[in-house]
């Protein structure tokens, strides 16, 4: 694999990557949560997380990454889809049509006045599917060295 | 959900847990768990007989898709109760029989019983539903379950052939039927059969009457194996025998009969319905009985005999529909056909069920069903021989069995037809009893062949594969014995059925014929005096015996040598043509070159849109209301156009990636300019991820080759590219102008106004994604997930040794 040969001793890249990934990941989660009222959302957040993880794959070797990300991206797609469909079905159990979304404002300790929506778990599902799919596709092509 | 609904779907629920029973209770045959359900259902439905025999109906409703008028309405009247009793009653016996027929060690019983329960539930749904769409759904499930059961031994080529054939033919019919149902909806505005019958004037007066009728009949005829669609039934005999006894003689093939009976009240009384149903039925009767005498396989004989008996019932329903023309109340001249149809339906289920089971026993014990190898089994298998004798005598129409009674009624109905004097019957009517009589002669003949070839003559152990032939275990004999006893019981005391099952079913087939409170007069008896029917039976016996005794002579003829129906050539030829055609289309369409796909798609869009623009003259430009173009937009546009145009001239891949990246980023820039931060952000991220993806993919690809320059082809490509762009531009400009002219409000206004109010979000892009158009998003991520899995399958599961592309 090509990346393996390039990266192993790239101190500069690795040092920057550590900081960059942290910032990008944080920002991507902000985007996911802010989506309802500001630019952002599951798609964008997911793509940003995917790019953060891609930097990681470019900078570090597989062994380390396996340790840092101990889960399978294909499972992530499944979990995401289940979450999105599940939000839709949950409202059905209460007698509303499939995918009816609800929102309300709550006063939570520490956080104060917060708007909670059923769209958030749905968006989280979108987020997981986007991250899972993007990385599954890219990693599968990357690992294919036949 | 009422008790009745739970009863209808209970087989599906049991089917879910059956695999676990099979896995964890290996020592107990899975069939025992299954058998409880039809037994309980049978007793439950028996308890409803007093309701229907007093002329009441049971209606239970659960909304399903109320906005489209589709409700899961269940409806029990005499007709549906008769069918559910057949389904659950025969179902119980068949499961009991299968427990001894299928080994719990060797067979995949979990599959078998799941399919069987699926079928049972679907069949209950077909006969109990009042809603046409619900009927259609269950109808197709029976087709699927039937195919799965036919291909139960899927390693045999013949099984899969038969399964595929039955699937093609019955699903073709099912789709036609759906068309017919839709037309009924167009005419009446409802899918409910009861409401359609109540508004039957809307149907009879409509121009769509005939198309709807033909489409519905196609469904019924394919399912009930009517000529010329009967060819799937003999091939369906590859299924295990319990399945043949259950689906392909007693229940599923009668679904078409059910539908015709149910819709008699809608279509009956017209000459078209009368003639189509009657002629198809009689042709099937004749064709089936003549084909049956040249079969050598016990189950094939029974298959063609089933075809012919189904034709008999069908023709009776056709003749009986004339009752609606006369509408004279309980006039036996017209209603006796319906009486005969219902009575024969019950009788056929009993004797044919027992015959299939004995054929299965013979197959099970001797290892063959070929009548040329069998013989002399009377002394070896006395019980089986006795049951077969009863069943065959009943089928042949001999007294005192129930088949005799219904066959006499059949003759009566066909003779009555000549007195109708409508629908040109005064000239052609005489053909009907003659065809019925000739077909009965052949029926008698194949019954003789089947009995004497199997049970009498010389026993030929050297022809059989098994060492020691003996009588079947008692458990296997219980079901055929019960059915055989019913044959005798209904033969001797037919009137126990008269007002419990037959009359309510007749009243359900012919609603509106009787005044409220009246009942049909059902009195079935053996002796009518020296009437034409009796002499017809004498003729059948004499000529049938003659055919059998001269068998040596005609068995040398080409007619006897061939077994396969000539219509199979049509099917096989059509099938081969379908495959070739599909391959041809695929070869043209799927070249494996991305460029070709783009050419197809783009040319198609150019042609369709170009034609629409030309045809409706919709080009319009309104330049009055445009905002001025800022200088930086010129710069952005020039970069944009320049980078797009330069892509085809770049000869290395990295360059192409970079330039397409530029295109993407310029698009993002445009989003920024037009104040769409979400889109801009998404576009940027997509570009970033795509660049990585391209780099990885191109790492595996060979260097770009310089293609030989073909001026004409390049011009063609240029034409397509420019044409596509031009058309899209024209469409969007015209759409914008026309939207303004027509005064359509922009859809975004709705979202802007309601995003906060209805969905609690300020970001309308996101609110649209997760709330207003949440279903779209859900399906999009599904597609995304599928795409990812497709990439994994394409790359990881690549066939070993195949070349890398």
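Bear in mind that the values in this text are calculations on the coordinates, not laboratory data. It should be emphasised that the depicted structure is a prediction, and the values quoted were computed from it without experimental measurement. We place every Cβ from the backbone using ideal geometry, glycine too, and count neighbours over all the protein chains shown.
Details
- Computed from Cα positions, the angle between helix B:567-589 and the longest principal axis of chain B comes to roughly 10 degrees.
- Label zone of residue B:271 (point 7 Å out along Cα→Cβ, amide N under 16 Å): in the range B:179-215 this covers B:210.
- 0 to 90° range, to nearest 10: angle between helix B:711-742 axis and chain B longest Cα axis: 90
- Shielding score for B:689-697, defined as the mean number of other chain Cβ atoms within 10 Å: 5
- When you work out D = kT/(6 pi eta Rh) for the protein assembly as shown at 10 °C and 1.306 mPa s, using the Kirkwood radius from C-alpha pairs as Rh and the Stokes-Einstein form, the result is 48 µm²/s.
- Residue-span extension gain [residue B:783 to residue B:729] - 0.36 nm each, minus C-alpha spacing: 16.6 nm
- Computed FRET value (nearest 0.05) for residue B:467 with residue B:13, which takes r as the C-beta separation and R₀ as 51 Å: 0.70
- Burial ranking of peptide ranges B:422-432, B:710-720 (average Cβ count within 10 Å, highest at the top): B:422-432, B:710-720
- Whole-number D in µm² s⁻¹ for the range B:1-267, Kirkwood Cα-pair radius fed into Stokes-Einstein, 10 °C, 1.306 mPa s: 84
- For the range B:531-593, the fraction of C-alpha pairs more than 15 angstrom apart is 74%.
- Ratio of the Cα radius of gyration of the range B:699-805 to 2.2 N^0.38 Å, where N counts its residues: 1.78
- Peptide-level mean, for B:762-768, of C-beta atoms on other protein chains within 10 Å: 5
- A crude spin-label estimate for the pair residue B:389 and residue B:645, with each label 7 Å from Cα along the Cβ direction, gives 9.9 nm.
- Solution diffusion estimate, µm²/s, Stokes-Einstein, chain B, Kirkwood Rh from C-alpha pairs, 37 °C, viscosity 0.692 mPa s: 106
- P(r), alpha carbons of the range B:194-321 - 10 Å bins starting at zero, rounded %: 14, 43, 27, 13, 3, 0
- Per-bin percent of Cα-Cα distances, the range B:745-805 [10 Å]: 20, 28, 19, 14, 12, 6, 0
- The value given for the range B:326-575 is a Kirkwood hydrodynamic radius of 20.3 Å, derived from the mean inverse Cα-Cα separation.
- Crossing angle, helix B:271-292 versus chain B [Cα axis fit, 0-90 degrees, rounded to tens]: 70
- Segment residue B:600..residue B:716, full-extension length gain: 40.5 nm, with 0.36 nm per residue of separation and the alpha-carbon distance subtracted.
- The antiparallel fraction among DSSP beta bridges confined to the protein assembly as shown stands at about 100%.
- Using a Förster distance of 60 Å, the FRET efficiency for residue B:32-residue B:632 (Cβ separation, nearest 0.05): 0.15
- Extension reserve of the residue B:20-residue B:624 stretch, reckoned as 0.36 nm per residue once the Cα distance is removed: 210.1 nm
- Listed peptides B:69-79, B:471-481, B:734-744, B:575-585 appear in the order B:69-79, B:471-481, B:734-744, B:575-585 once ranked by packing, highest mean of other Cβ atoms within 10 Å at the front.
- Largest first, the three principal axis extents of the alpha carbons in the range A:96-145 are 54, 34, 8 Å in whole numbers.
- Counting Cβ atoms of other protein chains within 10 Å of each Cβ in A:94-107 and taking the mean gives 2.
- Residue B:742-residue A:102 FRET efficiency (beta carbon distance; Förster radius 60 Å; 0.05 resolution): 0.95
- Model label points for residue B:673 and residue B:549, set 7 angstrom from Cα along the Cα-to-Cβ axis, are 10.3 nm apart.
- Kirkwood radius, the range A:2-143, all distinct C-alpha pairs, inverse of mean reciprocal distance: 16.8 Å.
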